[in-house]
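The values are calculated or read from the model by the stated rules, or taken from the named source; none is laboratory data. All values derive from a computational prediction rather than experimental measurement. A quick note on method: Cβ atoms are made from the backbone with ideal geometry, for glycine too, and the neighbour counts reach across all protein chains shown.
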Amino acid sequence: MYKAHKMKRRSLPLQALRAFEAAGRLGRMTAAGDELCVTHGAVSRQVQHLEDVLGLALFSGPRTRPHLTEAGRALLPALTSALDQIESAVQAITRAEDDVLDVSCLSTLLMRWLIPRLHDFHSRHPEIDLRLRALEKQDDVRSGRFDVAIIVDETRSLISTRQKADVLFPEWLGPVATPELVSRHPAAAGDLPADRQLQTKTRPNGWAMWSAVAGVSPPPPVGAVFEHYYYTLEAATAGLGYCIAPWHLVMSEIHSGRLVAPFGFVESGYSYLVERRLPSNTKIDWFCAWLAGEVATMPAPPARLAPVGATRS
């Protein structure tokens, strides 16, 4: 009969916890032994020791094919996450002063905003080897190594909960299209044709968000749906319809006249944040200062304009 008892942090059997995590994650004592460079018997003894300390059975079934118990299934994910964080922290401080800077960023922001500006950072700091990682969703930042990550505050609570995150810039949204499309199909903001409202799977609420802030009620969008913002913006540039776009992703196209924003832009309530792995580090300081400088030079989005085709007094 197992008897549970409370442990102090300093008395945690760390070696046994590590052995259990490897065995539970890999599913076999032999595989865990190979990973930890010990025999499978040593892993088994460590797991048995942990069970004795905890007063709980963590595995059941035959030794050749053990299965996690309910207690084992509850412990494993938290333990794996904790060991991953420890490993990342150790890697971060051991390479803190090398010349590599790992930057993670949402994929469309990376392609359309960050990469076109990086020549300036490289010219200022040619000694830094900048390594970029595109994120399909910002939760991916937690599963990878980074020195700096550019993420989005979608809940308006990240700023207070992320100790090392600083606001980069607020997001502004507005419909954009080619000048030819707008001139051929002039419409008020609330009368945009539903089949011309392009959609993005990674931002399915884009049109609804803009409509709510802009105070208009266009018909529900039924236009083509694209996998990523990058493709949706390319489709809009090709004249296939209107795209609800963040200002920072279309500044260049609007400045060149390839796209127009007939109703201007409104603040969505989202903010882009820059999160640092370490609170104090020279190369991170340089990169974050450079990011802040780039943001300071960004032009303000066009103010909300009168609807296309509307009569002005």
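Listed values, structure above:
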{"quantity": "Single match in LEU291, LEU249 (criterion: in the same structural domain as ALA224 (by TED's automatic domain parsing), crowded, with 16+ Cβ neighbours inside 10 Å and not hydroxyl-bearing (Ser, Thr, Tyr))", "calculated": "LEU249"}
{"quantity": "Tally, over region 211-270, of residues that are among the aliphatic types (A, V, I, L, M), farther than 14 Å from VAL176 by Cα and more than 26 Å from the chain's Cα centre (by Cα)", "calculated": "3"}
{"quantity": "Number of the exception - ARG304 against (1) of a type in the set (Lys, Arg); (2) at pLDDT below 90; (3) in a helix (DSSP H, G or I)", "calculated": "(3)"}
{"quantity": "Residues (hydroxyl-bearing (Ser, Thr, Tyr) and in contact with a helix residue (DSSP H, G or I) (Cβ under 7 Å, 6 or more places away or on another chain)) located in region 7-53", "calculated": "THR30, THR39, SER44"}
{"quantity": "Top-ranked residue in region 95-126 [being modelled with pLDDT under 95 and among the small types (Gly, Ala, Ser); ranked as surrounded by the fewest Cβ atoms within 10 Å (Cβ to Cβ)]", "calculated": "ALA96"}
{"quantity": "Test: residue in region 35-46 that is under 30 Å from ARG277 (Cα atoms), assigned to a helix (DSSP H, G or I) and touching a residue at least 12 places away in the same chain (Cβ under 8 Å)", "calculated": "yes"}
{"quantity": "Helices (runs of 4 or more DSSP H) contained entirely in region 146-246, each with at least 3 residues that are under 23 Å from LEU114 (Cβ atoms) and of a type in the set (A, V, I, L, M, F, W, C)", "calculated": "229-237"}
{"quantity": "SER268 vs. criteria in contact with a strand residue (DSSP E or B) (Cβ under 6 Å, 6 or more places away or on another chain) and hydroxyl-bearing (Ser, Thr, Tyr)", "calculated": "yes"}
{"quantity": "Extreme residue, modelled with the lowest pLDDT, among residues of region 127-145 that are more than 10 Å from the chain's Cα centre (by Cα) and in a strand (DSSP E or B)", "calculated": "ARG133"}
{"quantity": "Residue count, region 186-201 (criterion: in contact with a helix residue (DSSP H, G or I) (Cβ under 7 Å, 6 or more places away or on another chain) and surrounded by fewer than 17 Cβ atoms within 10 Å (Cβ to Cβ))", "calculated": "0"}
{"quantity": "Enumeration of residues in region 54-73 that are surrounded by 16 or more Cβ atoms within 10 Å (Cβ to Cβ), hydrophobic (A, V, I, L, M, F, W, C) and under 15 Å from ALA16 (Cα atoms)", "calculated": "LEU54, LEU56, LEU58, PHE59"}
{"quantity": "Region 214-227, residues that are in contact with a strand residue (DSSP E or B) (Cβ under 7 Å, 6 or more places away or on another chain) and loosely packed, with under 15 Cβ neighbours inside 10 Å", "calculated": "VAL225"}
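Quick grid of which residues meet (1) in contact (Cβ under 8 Å) with a residue 12 or more places away in the chain; (2) over 23 Å from MET111 (Cβ atoms):
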{"site": "PRO179", "(1), (2)": "yes, yes"}
{"site": "SER183", "(1), (2)": "no, yes"}
{"site": "ALA187", "(1), (2)": "yes, yes"}
{"site": "ASP191", "(1), (2)": "yes, yes"}
{"site": "ASP195", "(1), (2)": "yes, yes"}
{"site": "THR200", "(1), (2)": "yes, no"}
{"site": "PRO204", "(1), (2)": "no, no"}
{"site": "PRO218", "(1), (2)": "yes, yes"}
{"site": "PHE226", "(1), (2)": "yes, no"}
